[in-house]
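Asks: Supplied in structure tokens, the structure appears directly below.
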Amino acid sequence: MKKKSRIIIAISGLLLLSAYFLPLWQIILEAPQYPEGLGLKIWLNNITGNVDQINGLNHYIGMKHIFVEDFIEFKIVPYIFAAIVLTAFLTATIGNKKLLWFLFILLMSFSVVGLVDFYLWEYDYGHNLDPKAAIKVPGMSYQPPLIGYKQLLNFLAGSFPDIGGVFIAIAVILVGLTLFMERNIKPLTS
């Protein structure tokens, strides 16, 4: 690998490493009775924000309470991600193209599996409602959008990558660009 490519991969490794210190995703809820809004910040191993208030509101519509302990993802993902970060720094150090491909596949797999898992988590919480809930609206589910905004009763729910998620996306793009830069271009012969 070229020196420039190895530097880019090292930068990607640093961007990936930041995921241990920055939130990856955010869910925001806006409603007239909450002018400052409510929000959840999803980290590699935790959920922070207005968890108690949102659990209190969810109780009325029959959604399960959000407990970090209920998610096995928060127990295993930090280790999986550590392997990805180490692979990035190993790739930058050794400069092996096969390792670069392996890193790219790891990042793409992690991204796709993470988004699918998040969607399924949202689906479960939004559809599996307690039939004894105080507020029941026939045909209504409360699944937040995977990305973007969605109206849920009087709440506007938004779901977006947070700064750590943006850094991961940038790292994936940089690794992809490095693969493109490292491809073997053979000159056309006439």
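Asks: What about residue 185, is it farther than 18 Å from residue 20 by Cβ, modelled with pLDDT under 95 and β-branched (Val, Ile, Thr)?
Replies: Values: farther than 18 Å from residue 20 by Cβ: yes; modelled with pLDDT under 95: yes; β-branched (Val, Ile, Thr): yes.
Yes, satisfied.
Asks: Also, quick follow-up: Restricting to the range 16-41, name every residue that is in contact with a helix residue (DSSP H, G or I) (Cβ under 8 Å, 6 or more places away or on another chain) and within 24 Å of residue 148 (Cβ to Cβ).
Replies: Matches in the range 16-41: 19, 22, 23, 24, 25, 29, 38, 40.
Asks: Of the residues that sit in the range 78-87 and are over 15 Å from the mean Cα position of the chain (by Cα) and open to solvent by 60 Å² or more (accessible area, probe 1.4 Å), which one is farthest from residue 173 (Cα to Cα)?
Replies: Looking at the filtered set, the residue picked out is 79.
Asks: Residue 95 fails exactly one of the following numbered conditions: (1) under 25 Å from residue 159 (Cα atoms); (2) among the small types (Gly, Ala, Ser); (3) over 24 Å from the mean Cα position of the chain (by Cα). What is the number of that condition?
Replies: (1)
Asks: Every residue in the range 18-49 that is free of Cβ contacts under 8 Å to residues at least 60 places away in the same chain and closer than 15 Å to residue 159 by Cβ, please.
Replies: 37, 38, 39, 40, 47, 49, listed by residue number.
Asks: Could you tell me which of the residues 5, 111 is polar (S, T, N, Q) and buried (at least 17 other Cβ atoms within 10 Å of the Cβ)?
Replies: None of the others qualify; the one that does is 5.
Asks: Only residues in the range 142-165 that are of a type in the set (S, T, N, Q) and at pLDDT below 90 count as the first member; pair them with residues that are part of a loop (DSSP other than H, G, I, E, B) and loosely packed, with under 14 Cβ neighbours inside 10 Å, Cβ under 8 angstrom, at least 6 apart or cross-chain, and list the lot.
Replies: 154/32; 154/33
Asks: Something else: Being under 12 Å from residue 14 (Cα atoms) and either charged (D, E, K, R) or open to solvent by 10 Å² or more (accessible area, probe 1.4 Å) (or both) is the filter here; which residues of the range 88-107 pass it?
Replies: If the condition is that a residue be under 12 Å from residue 14 (Cα atoms) and either charged (D, E, K, R) or open to solvent by 10 Å² or more (accessible area, probe 1.4 Å) (or both), then 89, 92 are the ones that fit.
Asks: In addition: Inspect the range 115-125 for any residue being over 30 Å from residue 8 (Cβ atoms), loosely packed, with under 15 Cβ neighbours inside 10 Å and of a type in the set (Val, Ile, Thr) and give the result as yes or no.
Replies: no
Asks: Further question: Tell me the strands (runs of 3 or more DSSP E) entirely within the range 1-95 that contain at least 3 residues that are not hydroxyl-bearing (Ser, Thr, Tyr).
Replies: Because the criterion is at least 3 residues that are not hydroxyl-bearing (Ser, Thr, Tyr), the strands (runs of 3 or more DSSP E) in the range 1-95 that meet it are 25-31, 34-42.
Asks: In the range 40-77, how many are surrounded by fewer than 16 Cβ atoms within 10 Å (Cβ to Cβ) and closer than 30 Å to residue 180 by Cα?
Replies: Going through the range 40-77 one residue at a time, the tally reaches 0.
Asks: Going through the range 26-39 one residue at a time, which ones are polar (S, T, N, Q) and either modelled with pLDDT of 95 or more or open to solvent by less than 30 Å² (accessible area, probe 1.4 Å) (or both)?
Replies: Hit for the range 26-39 is 26, nothing else.
Asks: Here is a further query. Output the residues belonging to the range 82-98 that are of a type outside the set (Lys, Arg) and at pLDDT below 95.
Replies: Residues satisfying the conditions are 95, 96.
Asks: Next up: Please determine whether any residue of the range 9-25 is at pLDDT 95 or above and under 19 Å from residue 126 (Cα atoms).
Replies: Yes, because at least one residue in the range 9-25 is at pLDDT 95 or above and under 19 Å from residue 126 (Cα atoms).
Asks: Another question, then. Only one of (1) out of contact with any helix residue (DSSP H, G or I) (no Cβ under 8 Å at 6 or more places or on another chain); (2) among the hydroxyl-bearing types (Ser, Thr, Tyr); (3) within 26 Å of residue 142 (Cβ to Cβ) fails for residue 111. Which number is that?
Replies: It fails just one condition, (1).
The values are calculated or read from the model by the stated rules, or taken from the named source; none is laboratory data. Note that the structure is a prediction, hence the values are computed from the model and not measured. Every residue, glycine among them, receives a Cβ derived from its backbone with ideal geometry; neighbour counts consider all protein chains shown. Please note that ligands, DNA and RNA were not included when accessible areas were found on the heavy atoms of the full protein model with its side chains. Shrake-Rupley method; radii C 1.70, N 1.55, O 1.52, S 1.80 Å.
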